[in-house]
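Enquirer: What follows is a structure written as structure tokens; I'll ask about it next.
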Amino acid sequence: MKRSPPVRRLRSLFGARTVAGQVFFTTLGIAVLLVVAAVVSLVLQGRRDSTHEAAARSLSVAETFAQAPGTVAALDSKNPTAVLQPLTEEIRKRTRVEYIVVAGTNGIRYTHPDPAFIGKHMIGPYKEALHGESFTRVSTTSRGPAVASVVPVRRPDGSVAGLVSVGITVETVNALASPSIPFAIGTALAALALTTGAAALVSRRLSRQTRGLGPAEMTRMYEHHDAVLHAVREGVLIIGADHRLLLANDEARRLLGLPADAEGRAVTDLGLEPRTAELLASGRVATDEVRPAGNRLLAVNLRPTGERGGPPGVVATLRDTTELRVVTGRAETVRERLMLLYRAGARIGTTLDVTTTARELAEVAAPGFADCATVDLADAVLRGEEPEPPSGNVIHVRRTAICGTGTDHPLYPLGRVIGFVPTGPEAIGTSGGHTWMVPDLTASSQWRQPDPEQSARILEYGFHSLLSVPLHARGVILGMANFWRAQNEEPFTAEDLSFAEELVARAAVSVDNARRYTREHEMAVTLQRSLLPRGLPEQNALDVAFRYLPAQAGVGGDWFDVIPLSGARVALVVGDVVGHGLLAAATMGRLRTTVHNFSTLDLPPDELLGHLDELVARIDQDEQTDGGVAVTGATCLYAIYDAVTGRCSIARAGHPGPALVLPDGTVEFPEIPAGLPLGIGGMPFETVELEVPEGSRLVLYTDGLIERRGRDIDDGLEQLRRALADRDRTPEETCDDVLETMLPTRPGDDVALLVARTRTLDPARRVQWEVAPDASAVSGVRKEATRWLADQGLDEEGFVTELILSELVTNAIRYGSEPITVRLLYDRALICEVSDCSSTSPHLRYATTTDEGGRGLFLVAQFAERWGTRYTARGKVIWSEQTLDEPEPPPE
């Protein structure tokens, strides 16, 4: 049977086996002994005082009566008894004495409480009083101890006329003092109760401090504590609130070199390193803060001791991390290099301009990798041409970019043509070329030969190490990237060489792309971008084939698109711009680009068409102002297929509806509200969601396929149904059959045809969890994700996935609302989705050095290939995609 907590507390407080219980009972026993001793002392003192009081009272009454006026005359009268008997009885009753006896000098009683004794001899010694001396005697009577006083009665001439004897028992005196006895007893009991309460309080505090342990247990605990404290390989210090050292174990003394008398001294007076002493005396919480101690680096942890009822102060643990610091420093260098490569991928090649790309390379490398970076390119590359092999020994290159130095540097300025002498047969414009590393410029005579004066100025400025890396692209060297070190005293090493080659190789591709872009005429590129897509994006949700047939009149405005979206979804777009010619093609390009941009927002089809409708209306206003041709009347169909759910959401703006070919060959034309053409406005668009079985074919087309002069549109749809029915064909075969059936001759209007066979994502390649709105649930999500990735053979993606999920789930718990769901999809990429019922969208920003947060999404953006937000009817989904090393090929 379990005892309740109060019972356990009482047992620990009053148990005889605990230190607190033993102290309580010892204190209580001492208090009881003291109280009993006090009571006995009071009793004995009372008895003695009672005897003295009885003697004093009897003597006082006897002397008072003997000296009273008339006593002598009464004794000398003929009948003393008649006069004195009433007086003695009255006085006896008033004074509460036992008896008052008056006798003559012959010892015969004249008075007595009992008249039968009158006239009889007094008992006891009385003759001493006849000589004029008063005396008091204590005797034992039937009523207990009694005190009798005898006093002589003197005549005026000094002779003794008689005797007065007064007797009183001690019991009578005690009866007079008895009212004070309860008070004394109450006082003793109160003292006992106070002592008991004080002992209980002391025992309770002692029980809290000893946690109800017995003496043997406390001794064993102290011995174990002392053994562990001095055996661990981690220094332990306990510092009081006054910053004085209270305790230090052996390891702490060894690590810090503490003197023997260190305990009790202020930590700032122990001769420690100033930064270490300052941290120990600060009293703040610290976790793995590295501080020097002689030739060691210590990881210091500080925690307050008063948070759980202990005395104020701090406990410090010290761990020697000297060797770990070296390894960590190397790992940190590798991490910084990887981050530098990531930044290079994001920053280099943002434009298709050769000079800008070269400058971006220099800015990425300096000052992170080198103190200064320069890029030299052949003039042919700057003009957009491929460099030609040199005709002589000197290769002329132009200083295109420089970064990392002030204006007083001795290097050649921007725009300067430099005569470069190759160190071997390889040169710019050839397929060879190698990296040249000079760890120590002062010791290299070969480096000084081309320009000794310039070399001397460079050395005087402080440059001491050089790396020159050729920019290779498609087997051609476009120029050289040079990295210099001055403030960084470390020379370039083989590891630096490998990193520089990787960095420059990435930049060379961007430089070559910019060079080739420069060759193209701007108008031709603009027109090319406005035309139809030349290929299809890689995705697994749909097997897509397309055809575009221009009209006899030339280029028209029909267009289509296949746009991969987040979450294993794909958008299918078909549109038609009114008119033909260059203007229609340019307008089509504008609308297609707009749809691409809107699709990145992951909008539902009806909302996307609504935004496109508003844009067309604004374009029309601008065109009418400039006297151009209006765009109003363009049509568009926008569909989103979800490979996870197998559903397709479709909306259209005045465009012909799709055809759906089921796996059994049945052809349907789903009822999709037509909506008004783009630019008219006034009416919202409506989305219809279709259940599309796997293996079905979605057929999207423009009106040129079903509308012909002299043929009704219903006849065209029926002809299309027959062309699609019955046979199980691939999308490519479907396109060929449809065009052969519907368009035996070249059409009068341009035609766009898009056929997509649906696939669904294997359930084994997707997983979903519900997440509790508690920060502690994040670790569980990471574990489940890691386990699932291992099952999928994606162990290498575990670290990045854990980081991304941690940030996204933490944001959802902190800023979102329930329910929170995590979904992982293994498609061509690894997709992470975190959904909640909040409509608040996170935004990527640059956190300053003093910000406590704001870096989570930045990390997600760095590690993920792409990420974004998708709104749903219940809230939003934050998603990210990680590119896999070997993307899965689409299933057959």
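Taken together, the values in this text are just the output of simple stated rules run on the coordinates, not laboratory data. In this text the structure is predicted, and so the values were computed from the model without any measurement. Glycine also receives a Cβ, built like all others from the backbone with ideal geometry; neighbour counts cover every protein chain displayed.
Enquirer: May I ask you to evaluate 6.51 cos²θ - 1.76 cosθ + 1.60, the Karplus curve with θ = phi - 60°, for each residue of the range 262-277 and list the ³J(HN,Hα) values in order in whole Hz, giving x for glycine and proline?
Expert: In residue order, the calculated couplings are 5, 5, x, 9, 5, 5, 6, 9, 9, x, 7, 4, x, 5, 5, 5 Hz.
Enquirer: For a quick check: sort HIS243, HIS611 by the number of other beta carbons within 10 angstrom, fewest at the front.
Expert: With the sparsest Cβ surroundings first, the list reads HIS611, HIS243.
Enquirer: Can you find, among ALA366, THR442, ALA507, the residue sitting farthest towards the positive end of the charge dipole of the range 359-519, where Lys and Arg contribute +1 and Asp and Glu -1 at Cβ?
Expert: Result: ALA507, furthest along the dipole toward the positive end.
Enquirer: Let me check I've understood the local charge: for CYS735, count other residues with C-beta under 10 angstrom from its C-beta, Lys and Arg +1, Asp and Glu -1. What total comes out?
Expert: With Lys, Arg at +1 and Asp, Glu at -1, the net is -3.
Enquirer: Taking H as built 1.01 Å from N, whose amide H comes closer than 5 Å to the amide H of PHE135, not counting residues under 5 places away?
Expert: Those qualifying (amide H under 5 Å, at least 5 residues apart or on another chain) are VAL150.
Enquirer: Give the lysines whose C-alpha is closer than 29 Å to that of LYS78, dropping any in the same chain fewer than 8 places away, or say none.
Expert: Those lysines meeting the cut-off are LYS93, LYS120, LYS127.
Enquirer: Next question, about the same structure. Check which residues have an amide H placed less than 5 Å from VAL767's amide H, if you skip close sequence neighbours.
Expert: Result for VAL767 returns LEU824.
Enquirer: Put +1 on the Cβ of every Lys and Arg and -1 on every Asp and Glu Cβ in the range 604-689; which of VAL688, PRO670, THR635 then has its Cα farthest towards the positive end of the dipole?
Expert: Result: PRO670.
Enquirer: What does the charge count near THR869 come to, summing +1 for each Lys or Arg and -1 for each Asp or Glu among other residues with Cβ under 10 Å from its Cβ?
Expert: Charge balance near THR869 sits at +1.
Enquirer: Using a Förster distance of 51 Å, how high is the FRET efficiency between GLN454 and PHE858, based on the Cβ-Cβ distance and rounded to 0.05?
Expert: Efficiency for this residue pair is about 0.75.
Enquirer: Estimate the FRET efficiency between LEU743 and LYS783 by the formula 1/(1 + (r/R0)^6), using the beta-carbon distance for r and 60 Å for R0, to the nearest 0.05.
Expert: 0.55
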